[in-house]
1. Using only DSSP helix segments of four residues or longer, with each worth -39500 (n - 2.57), what per-residue ellipticity at 222 nm results for the chain after dividing by its residue count and rounding to 500?
2. Quick one: dipole size for the range 294-350, taken about the Cα centre, charges +1 on Lys/Arg Cβ and -1 on Asp/Glu Cβ, in debye to the nearest 20.
3. What is the gain in length, in nm to one decimal, between residue 356 and residue 284 on full extension, counting 0.36 nm per residue of separation less the C-alpha to C-alpha distance?
4. Which percent, to the nearest 5, of DSSP beta bridges fully inside the chain are antiparallel?
5. For residue 34 and residue 366, what does the FRET efficiency come to when R0 = 56 Å and r is the distance between their Cβ atoms, rounded to the nearest 0.05?
6. Express the Stokes-Einstein translational diffusion coefficient of the range 158-198 in µm² s⁻¹, to the nearest whole number, given a Kirkwood radius over alpha-carbon pairs, 37 °C and a viscosity of 0.692 mPa s.
7. FRET efficiency for residue 228 and residue 344, Cβ-Cβ distance as r, R0 = 30 Å, nearest 0.05?
8. For residue 211 and residue 168 in one chain, what is 0.36 nm times their gap in residues minus the Cα-Cα distance, to one decimal in nm?
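The values are calculated or read from the model by the stated rules, or taken from the named source; none is laboratory data. No experiment lies behind these values; they were computed from the predicted model shown. For neighbour counting, all protein chains shown are included, and Cβ atoms are generated from backbone atoms with ideal geometry for every residue, glycine included. Only protein heavy atoms, including side chains, enter the accessible area calculation; ligands, DNA and RNA are left aside. Shrake-Rupley method; radii C 1.70, N 1.55, O 1.52, S 1.80 Å.
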Amino acid sequence: MNDTYYMKTALALAEKGLGMTSPNPMVGAVVVKNDEIVGRGYHHACGHPHAEVEAIRDAGSAARGADIYVTLEPCNHHGKTPPCTELIISAGIKRVVYAMDDPNPKASGGGEYLEKNGIQTLSGVLKKEAQKLNEAFLKSIVKNLPFVTIKIAATLDGRTATKTGHSKWITNPASRGCVHLLRHANDAILTGIGTIIADDPSMTARPAGFAGKDPKRIILDSNLSIPVDSKILKLDSDAETVIITGSRPDCDETGGETTDAEASRKKMVLKEKGARVIETELKQGRINFKGLMEILGREGISSVLIEAGSKVSYSAVKSGVVDKAVFFYAPKVLAADDGYPMFRGSGPEAMDLALDLKDVKTKMIDGDIMVEGYL
């Protein structure tokens, strides 16, 4: 066996922490002695033991004189848990192989510390794979902004609903299961008030085979017009619902003025229902996406999944905040020009001005087509 093989095993272990470790990264580790894996571990959830701790405990006395493969540079600071570097040294590990440096300045320096204490280190094994696994963590640490993924389900002719707004269901159950896994994997899910009024969604995570973690629900509602009997305000969920509204609501759904007194009463009702209201400045009457992402970054949200209507999707992409796009295409055609489009807004005049997806991957899901790429 070689370094790549053992690191692949560690990466597979790390992925088991999907959706549970934020704001920490997903990390996996294996202890290897005499070309045999004698210990395995991964970071189960924030506040739980790190992957190295799990793997070394699993290895027991066999850790002495062994190698350890970790998907992230071992931490070298006291946080919620002691430094992994000290455990590695005391366990008698002779060699440490890690995929990527820790971008967090508070935790970095582990490799150098281990070298100073006589332990061999090797970094960069399957570095790109490790970085992709923790792309949300990397952006959050480096830029203090959430990693943003937009998901859209559409027919082959690019329609997300019929002319009446009917959209259940465009894609098949297997594709919808993938979407629930996406929700589980992200800290927050974002949509607009139009979707809440039209579909009355739950916005929860219900992946197949295990109990998913609900993401924080973020509703863009510039005029605070959310119906108080919305399903999203009556959920039995550990995740909170956050309403993003304008700092000065200027009109209601009928176009009339919303007074400060009316807004105050609405905020009180929403608070009683367990929702939190965050006010932000509007840009041309709409929520400013860039400003919103700065707010969410300060709130400690590392990743956001956008599942919204065509106007919100358009605004998000045009604002430049979207990092990744996931499209689910069903083998259906409405063959009409009056259905709901994927995006609604003014587009470029020339094809060479279109947005290009990078690192595109496609996958067949029981007849549906998933297209994934980076903006």
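1. Values: 11 runs with 105 residues, N = 375.
Value at 222 nm, helices only, nearest 500: -8000 deg cm²/dmol.
2. Details: 6 positive and 7 negative charges, 12 e Å.
Rounded to the nearest 20 debye, it is 60 debye.
3. Values: separation 72, 0.36 × 72 = 25.92 nm, distance 2.71 nm.
Contour length minus the Cα-Cα distance gives 23.2 nm.
4. Values: 26 of 63 bridges.
Antiparallel: roughly 40 percent of the beta bridges in the chain.
5. Calculated transfer efficiency: 0.80.
6. Values: Rh = 12.0 Å.
The Stokes-Einstein estimate is 273 µm²/s.
7. Working: r = 28 Å, r/R0 = 0.92.
E(calc), rounded to 0.05, equals 0.65.
8. On the way: separation 43, 0.36 × 43 = 15.48 nm, distance 2.36 nm.
So the chain would gain 13.1 nm between residue 211 and residue 168.
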